[in-house]
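Participant: Pasting a structure here, questions to come.
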């Protein structure tokens, strides 16, 4: 059974990348299958942003995600498909999503997965906090 993620508990809005080749056009369904293969309850992110900028649903916002170890109970996660070269459409979709999330969770901090102490990952392979600050999201 999946745990409930309470809106008042959301302290972080976490940006990830799929760490897949930049020319591979994956979808949330592909990530779902990948995560099922890990033995998870399906896609661990709440949103997935495809290479063409399409924003797809992952887990509902009220379900605890599986995307940032030790912080899933207090975060929402979004995954950009790719590794380093994200498209303008993806970045525009990310900005739109984060504007929505920061309006709903004004006390939540935008972070990249790599900004947490308990990981060696470099995901999303750019400074999500600085990027968000430049766009007035933090």
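Each value in this text was obtained by applying a stated rule to the coordinates, not by laboratory testing. Computed from a predicted structure; not experimentally measured. In this analysis, Cβ positions are derived from the backbone assuming ideal geometry, glycine residues included, and neighbour counts consider all displayed protein chains.
Participant: At a Förster distance of 25 Å, what's the computed FRET efficiency of residue 69 paired with residue 95, Cβ-Cβ distance as r, to 0.05?
Facilitator: Step by step, r from the Cβ atoms, then E = 0.40.
Participant: Continuing with this model, one more query. For the stretch 24-138, what does the relative contact order come out to in percent, with C-alpha contacts under 8 Å and a separation of six or more?
Facilitator: Taking the mean separation of contacting Cα pairs over the length of the stretch 24-138, I get 20 percent.
Participant: For 67, 84, what's the fewest-to-most ordering of other Cβ within 10 Å of each Cβ?
Facilitator: By the 10 Å Cβ count, ascending: 84, 67.
Participant: Taking neighbour counts of Cβ atoms within 10 Å as a proxy for exposure, in what order, fewest first, do 26, 76, 134 appear?
Facilitator: Least crowded to most crowded, the residues run 134, 26, 76.
Participant: Which of rounded, prolate, oblate describes the stretch 1-57, given a ≥ b ≥ c as roots of the alpha-carbon gyration tensor eigenvalues and a/c under 1.5 marking rounded, otherwise prolate only if a/b is larger than b/c?
Facilitator: oblate
Participant: Can I ask one more? Using 0.36 nm per residue, how much length does the chain from residue 20 to residue 129 gain when fully extended, once their Cα-Cα distance is taken away?
Facilitator: Details: separation 109, 0.36 × 109 = 39.24 nm, distance 2.20 nm.
Full extension of this stretch gives 37.0 nm more.
Participant: Also: When the chain is modelled as a GNM with alpha-carbon springs shorter than 10 Å, which of 24, 109, 74 fluctuates the most?
Facilitator: Answer for the Gaussian network model of the chain: 24.
Participant: Further question on the same structure: Using a Gaussian network model of the chain whose springs link C-alpha atoms within less than 10 Å, name the residue from 65, 82, 37 with the highest mean-square fluctuation.
Facilitator: Of 65, 82, 37, the most mobile in the Gaussian network model is 37.
Participant: Turning to a different aspect of this structure: Once both labels are modelled 7 Å past Cα along the beta-carbon direction, what's the residue 6-residue 61 spacing in nm?
Facilitator: Simple spin-label model gives 1.7 nm for this pair.
Participant: Between rounded, prolate and oblate, where does the stretch 7-134 land on the alpha carbon gyration tensor, with a ≥ b ≥ c its root eigenvalues, rounded for a/c under 1.5, else prolate if a/b exceeds b/c? Kindly include the intermediate steps, with their values, before the conclusion.
Facilitator: On the way: a/c = 1.35, a/b = 1.09, b/c = 1.23.
In terms of gyration-tensor shape, rounded.
Participant: Let me ask you something else. May I ask what percent, to the nearest 5, of DSSP beta bridges between residues of the chain are antiparallel?
Facilitator: 25
Participant: Between residue 88 and residue 122, what FRET efficiency follows from the Cβ-Cβ distance if R0 is 25 Å, with the result rounded to 0.05?
Facilitator: 0.70
Participant: In a GNM of the chain with a 10 Å cut-off on Cα contacts, which of 90, 33, 73 has the highest mean-square fluctuation?
Facilitator: Highest fluctuation of the listed residues: 33.
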